[in-house]
Amino acid sequence: MSSIILAIVIGAAFGAVLDRIGATNPNWIGKMLTLTNLHLMKTILLAIGTGSVLMFAGQMLGLVDVGHMSVKAAYLGVFIGGLLLGTGWAMAGYCPGTGVCAAASGRKDAWFFIAGGLLGAAAYMVTYPAWKASGMLDNIAGGKVTLGTVPGSKFDGIWAAQGDILGILLGAAFIVIAFLLPERLAGRGEAIAPAE
Amino acid sequence: MTLNWRAGGLLLGFVFFLAVLLVKPIGVSTQFVILNGLIGDTVNAELVTKTEEGYTSTNAYLAKSGGKYAKSVANPLNYSFVFVLAMMAGAFLSALARGGAPRDERKLPAIWYANYGDTPMKRYAVAFLGGFIVLYGARLAGGCTSGHMMSGMMQTSLSGYIFAAGAFAAAIPVAMMMYRKEG
């Protein structure tokens with residue numbers, strides 16, 4: 001039961017924050033991906049960095065359970081799937097999480113995105129055996145691995161470097177990049193913010 | 001009004017931290033599969049069945065990894081599924097509190113209007129097709145922007161970096177080709 005309460009609290013907080021940072025707004029996504037306004041990119045980079053530093057520092061202080069980490073496997077299909085997701089993300093301006101939140105915030109096109117998404121997920125469920133047989137889902141570079149070796153973690157590291165310290169350093173790097181990234185990389189003039 | 005990136009980034013990062021502190025890293029796209037399973041199991045009760053050890057399915061994808069997806073379909077009131085429903089509630093309340101998305105935005109985003117005019121049917125078709133490709137890709141990759149890119153890179157997982165490289169390598173050229181006018 002308590003896990004359901006946590007799901008409601010953390011889920012609602014996540015949805016509300018996605019709404020407030022503009023991630024559920026296809027105009028912000030479009031401006032980020034056309035490199036004409038990188039405000040949302042800065043938000044995302046700072047978020048990854050903040051989350052990383054807090055998590056690994058918390059682990060080092062013994063406040064965060066290392067067992068809560070959940071690392072996904074690396075295989076060729078991750079890259080191909082990433083290419084596909086990127087294509088649809090650019091077309092629609094939504095990814096799975098922001099799509100459901102955008103639909104809830106009243107955007108009509110997001111409901112079409114969800115309907116297409118359900119059909120796409122169903123198509124994968126049906127074609128999964130072919131992908132499995134192709135070898136594209138076979139682990140590469142050790143599969144479920146982190147870059148460094150995180151003490152107490154069940155996941156292996158690619159490098160022997162101490163994973164929690166590396167995590168804090170990389171987190172700091174994400175934060176620095178968030179600050180250094182210019183407001184726009186493509187086109188000229190001031191980066192224009194979407195009206196909404 | 002959109003939050004400044006410093007405040008927004010800190011808040012978003014804190015939510016990702018809170019999730020891994022209290023439960024586990026955030027992920028979303030699996031729940032599209034679980035909802036499909038729920039719909040499928042309503043139409044055909046044979047889809048997900050109980051076994052001695054747990055659950056299995058006639059669909060190989062739902063049955064994989066010891067039937068963990070089949071189990072979630074059989075018990076939809078689980079953490080990850082409720083999480084996505086709560087995300088929708090949170091976004092709904094947040095949007096309501098800021099006065100909601102404007103009427104014209106609800107119908108068509110400004111970036112679409114700037115590039116393709118008042119063509120809602122075309123927009124809905126592209127959103128539908130985009131959704132299809134996004135979820136097919138996310139399931140092939142084993143995660144989406146939340147699970148792979150945000151949660152993955154935050155944990156320094158190799159797969160998160162591979163996924164992000166693929167996603168941006170496709171997303172930036174496609175967006176530049178499709179949305180030439182800034183709107």
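The values are calculated or read from the model by the stated rules, or taken from the named source; none is laboratory data. Everything quoted here is computed from the prediction, not taken from an experiment. Please note: Cβ atoms are built from the backbone with ideal geometry, for glycine as well, and neighbour counts cover all protein chains shown. Note: areas computed on protein heavy atoms with side chains; ligands, DNA, RNA excluded. Shrake-Rupley method; radii C 1.70, N 1.55, O 1.52, S 1.80 Å.
Key figures for this structure:
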{"item": "Among (1) facing chain B (nearest Cβ under 7 Å); (2) crowded, with 24+ Cβ neighbours inside 10 Å; (3) assigned to a loop (DSSP other than H, G, I, E, B) - the single one residue A:88 does not satisfy", "result": "(3)"}
{"item": "Count - residues of the range B:1-45 that are among the basic types (Lys, Arg) and within 24 Å of residue B:78 (Cβ to Cβ)", "result": "1"}
{"item": "Test: residue B:101 is within 7 Å of chain A (Cβ to nearest Cβ), outside any helix (DSSP H, G or I) and either touching a strand residue (DSSP E or B) at 6+ places or on another chain (Cβ under 8 Å) or open to solvent by less than 40 Å² (accessible area, probe 1.4 Å) (or both)", "result": "yes"}
{"item": "Residue in the range A:21-31 that is among the charged types (D, E, K, R), within 20 Å of residue A:120 (Cβ to Cβ) and not in a loop (DSSP other than H, G, I, E, B) present", "result": "no"}
{"item": "Considering residues of the range A:1-39 that are out of contact with any Leu (no Cβ under 8 Å at 6 or more places or on another chain), at the interface with chain B (Cβ under 7 Å from one of its Cβ atoms) and free of Cβ contacts under 8 Å to residues at least 60 places away in the same chain only, the residue farthest from residue A:99 (Cα to Cα)", "result": "A:3"}
{"item": "Pairs, first farther than 27 Å from residue B:153 by Cβ and open to solvent by 60 Å² or more (accessible area, probe 1.4 Å) in the range A:170-196, second at pLDDT 90 or above and part of a helix (DSSP H, G or I), C-beta under 9 Å, six or more apart", "result": "A:192/A:31; A:195/A:27; A:195/B:105; A:195/B:110"}
{"item": "Residue within the range B:113-122 that is surrounded by 20 or more Cβ atoms within 10 Å (Cβ to Cβ) and of a type outside the set (D, E, K, R) present", "result": "no"}
{"item": "The lone exception for residue A:72 - which of (1) under 30 Å from residue A:135 (Cα atoms); (2) surrounded by fewer than 23 Cβ atoms within 10 Å (Cβ to Cβ) it fails", "result": "(2)"}
{"item": "Long-range neighbours under 6 Å by Cβ, at least six apart or interchain, first residue within 19 Å of residue A:40 (Cα to Cα) within the range B:11-22, second crowded, with 22+ Cβ neighbours inside 10 Å and among the aromatic types (Phe, Trp, Tyr)", "result": "B:15/A:14"}
{"item": "Check on residue A:105, facing another protein chain (nearest Cβ under 7 Å), within 18 Å of residue B:23 (Cα to Cα) and not basic (Lys, Arg)", "result": "no"}
{"item": "Among the residues listed as A:79, A:113, the single one being more than 17 Å from the chain's Cα centre (by Cα), part of a helix (DSSP H, G or I) and of a type in the set (A, V, I, L, M, F, W, C)", "result": "A:113"}
{"item": "Test for residue B:77: is it farther than 18 Å from residue A:20 by Cβ and open to solvent by 30 Å² or more (accessible area, probe 1.4 Å)", "result": "yes"}
{"item": "Count of residues meeting criterion [at the interface with another protein chain (Cβ under 7 Å from one of its Cβ atoms) and outside any loop (DSSP other than H, G, I, E, B)] in the range A:54-76", "result": "4"}
{"item": "Subset of the range A:32-53 [part of a loop (DSSP other than H, G, I, E, B) and open to solvent by less than 10 Å² (accessible area, probe 1.4 Å)]", "result": "A:37, A:38"}
{"item": "When residues of the range B:137-183 are limited to those that are among the β-branched types (Val, Ile, Thr) and more than 25 Å from residue A:60 (Cβ to Cβ), the one surrounded by the fewest Cβ atoms within 10 Å (Cβ to Cβ)", "result": "B:172"}
{"item": "Selected residue (only one of A:143, A:152 is under 21 Å from the mean Cα position of the chain (by Cα) and either outside any strand (DSSP E or B) or not aliphatic (A, V, I, L, M) (or both))", "result": "A:143"}
